[in-house]
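Student: Can you keep this structure in mind? I'll have questions shortly.
The values are calculated or read from the model by the stated rules, or taken from the named source; none is laboratory data. Worth saying up front: this structure is predicted, and the values here are computed from it rather than measured. Heads up, the Cβs are rebuilt from the backbone with ideal geometry, glycines too, and the neighbour counts pull from every protein chain shown.
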Amino acid sequence: MTIPLDHVALLVRSVEDTAAHLERAFGLVPNAAKSFEREGTREVYLGPADASGRVLLIEPAHIDGPYARALSRRGPCLHHVAFVVPNLRAFVAGLSGSGWFLHPISLESAEQQRTVWLVRPGVECLVEIVETTDPAEKPNREVESVAVPTRPETRTAIENLRTLGLGGVSASDDPKGQITLGGRTLTIPELLGPSG
């Protein structure tokens, strides 16, 4: 069984400016922005709630937090790709030998939000795995696929995600990564345009 992308999260300077650009350029309708004080972010989903592969825009809410540091270091970029699974414990048990590791925050998030975060040195984004009781593929799809920026020595880690059943993700030689949306494959900077 292939598990489709749930969402693709992009770290941006302004969720409002970027959402307006993506609505004009691609017809992605933004939802209301939400603030998450604990995480230090403002976030906006684009596209209908019943779509898979939605775009999530994340803006740092604090000038000194981890999101602001990442934005300062890398610029607007791919932050994470997310998938939903019916059994988080079973999925995590299957990670052995995949080359992926649980981010330390997963110790807390697995219990509180039924979510784990996967990391891999040399891969320029995180992978979010969320447990849901209804992981059925949604009828609409916004982002068709994402190519994650990787170093040559970590390409197999991305391929291992596919072995684990996670679909719509591949390795990219482009240091900015690529997203396929509406049949068009764009680098992250091309997608975000000047508003990123």
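Student: Quick check: is even one residue across the range 33-47 in contact (Cβ under 8 Å) with a residue 40 or more places away in the chain, touching a His at 6+ places or on another chain (Cβ under 9 Å) and assigned to a strand (DSSP E or B)?
Tutor: The answer is no; no qualifying residue exists.
Student: Let me ask another. Among residues belonging to the range 161-182 that are polar (S, T, N, Q) and either under 16 Å from the mean Cα position of the chain (by Cα) or at pLDDT 90 or above (or both), point out the one that is nearest to CYS77 (Cα to Cα).
Tutor: So the first thing to find is which residues in the range 161-182 are polar (S, T, N, Q), and the list is 163, 170, 172, 178, 180.
Then keep just the ones that are either under 16 Å from the mean Cα position of the chain (by Cα) or at pLDDT 90 or above (or both); that gives 170, 172, 178, 180.
Working: SER170: 16, SER172: 14, GLN178: 10, THR180: 15 Å.
Top of the filtered list is GLN178.
Student: Sticking with this structure for a sec: Given the criteria farther than 28 Å from PRO60 by Cα, surrounded by fewer than 18 Cβ atoms within 10 Å (Cβ to Cβ) and either within 16 Å of the chain's Cα centre (by Cα) or not aromatic (Phe, Trp, Tyr) (or both), does THR156 qualify?
Tutor: Yes.
Student: Which residue, of ARG114, ARG120, is surrounded by 14 or more Cβ atoms within 10 Å (Cβ to Cβ), on the phi > 0 side of the Ramachandran plot and over 13 Å from the mean Cα position of the chain (by Cα)?
Tutor: On the way: ARG120 fails: on the phi > 0 side of the Ramachandran plot.
Matching residue, one of ARG114, ARG120: ARG114.
Student: List the pairs whose first member sits in the range 157-186 and is closer than 18 Å to THR2 by Cβ, whose second member is acidic (Asp, Glu) and surrounded by 15 or more Cβ atoms within 10 Å (Cβ to Cβ), and whose Cβ atoms are under 6 Å apart, counting only residues at least 6 apart or on separate chains?
Tutor: THR180/GLU144
Student: Take GLY75 and tell me if it is touching a residue at least 24 places away in the same chain (Cβ under 8 Å), surrounded by fewer than 17 Cβ atoms within 10 Å (Cβ to Cβ), under 27 Å from GLU23 (Cα atoms) and of a type outside the set (A, V, I, L, M). Don't jump to the end; show me each part of the working.
Tutor: Working: touching a residue at least 24 places away in the same chain (Cβ under 8 Å): yes; surrounded by fewer than 17 Cβ atoms within 10 Å (Cβ to Cβ): yes; under 27 Å from GLU23 (Cα atoms): yes; of a type outside the set (A, V, I, L, M): yes.
The answer is yes for GLY75.
Student: State the number of residues belonging to the range 59-82 that are modelled with pLDDT under 90 and in contact with a helix residue (DSSP H, G or I) (Cβ under 8 Å, 6 or more places away or on another chain).
Tutor: Total meeting the criteria: 1.
Student: Let me ask you something else. Which of the residues belonging to the range 73-88 are within 15 Å of GLY165 (Cβ to Cβ), of a type outside the set (Phe, Trp, Tyr) and either out of contact with any strand residue (DSSP E or B) (no Cβ under 8 Å at 6 or more places or on another chain) or not in a helix (DSSP H, G or I) (or both)?
Tutor: Here is the first cut: in the range 73-88, the residues within 15 Å of GLY165 (Cβ to Cβ) are 81-88.
With of a type outside the set (Phe, Trp, Tyr) added as a condition, the list becomes 81-82, 84-88.
Matches in the range 73-88: VAL81, ALA82, VAL84, VAL85, PRO86, ASN87.
Student: What number of residues in the range 89-137 are among the hydroxyl-bearing types (Ser, Thr, Tyr), under 26 Å from ALA171 (Cβ atoms) and either in a helix (DSSP H, G or I) or in contact (Cβ under 8 Å) with a residue 40 or more places away in the chain (or both)? I'd like the intermediate steps shown before the answer.
Tutor: Of the range 89-137, the ones among the hydroxyl-bearing types (Ser, Thr, Tyr) are 96, 98, 106, 109, 115, 132-133.
Then keep just the ones that are under 26 Å from ALA171 (Cβ atoms); that gives 96, 98, 106, 109, 115.
Still in the list and also either in a helix (DSSP H, G or I) or in contact (Cβ under 8 Å) with a residue 40 or more places away in the chain (or both): 98, 106, 109.
Summing the residues that are among the hydroxyl-bearing types (Ser, Thr, Tyr), under 26 Å from ALA171 (Cβ atoms) and either in a helix (DSSP H, G or I) or in contact (Cβ under 8 Å) with a residue 40 or more places away in the chain (or both) in the range 89-137 gives 3.
Student: So which residues in the range 15-30 are under 17 Å from the mean Cα position of the chain (by Cα) and either farther than 14 Å from LEU181 by Cα or free of Cβ contacts under 8 Å to residues at least 60 places away in the same chain (or both), if there are any at all? Spell out the reasoning first.
Tutor: Restricting attention to the range 15-30, the residues satisfying the condition of being under 17 Å from the mean Cα position of the chain (by Cα) are 15, 18-19, 22, 28, 30.
Answer for the range 15-30, where residues must be under 17 Å from the mean Cα position of the chain (by Cα) and either farther than 14 Å from LEU181 by Cα or free of Cβ contacts under 8 Å to residues at least 60 places away in the same chain (or both): VAL15, THR18, ALA19, PRO30.
Student: Checking the condition in contact with a Phe, Trp or Tyr (Cβ under 9 Å, 6 or more places away or on another chain), among the hydrophobic types (A, V, I, L, M, F, W, C), under 19 Å from ALA147 (Cβ atoms) and at pLDDT below 95, which residue from LEU56, LEU5 passes? If you could, list the steps in order and put the result at the bottom.
Tutor: Values: LEU56 fails: at pLDDT below 95.
On inspection, the qualifying residue turns out to be LEU5.
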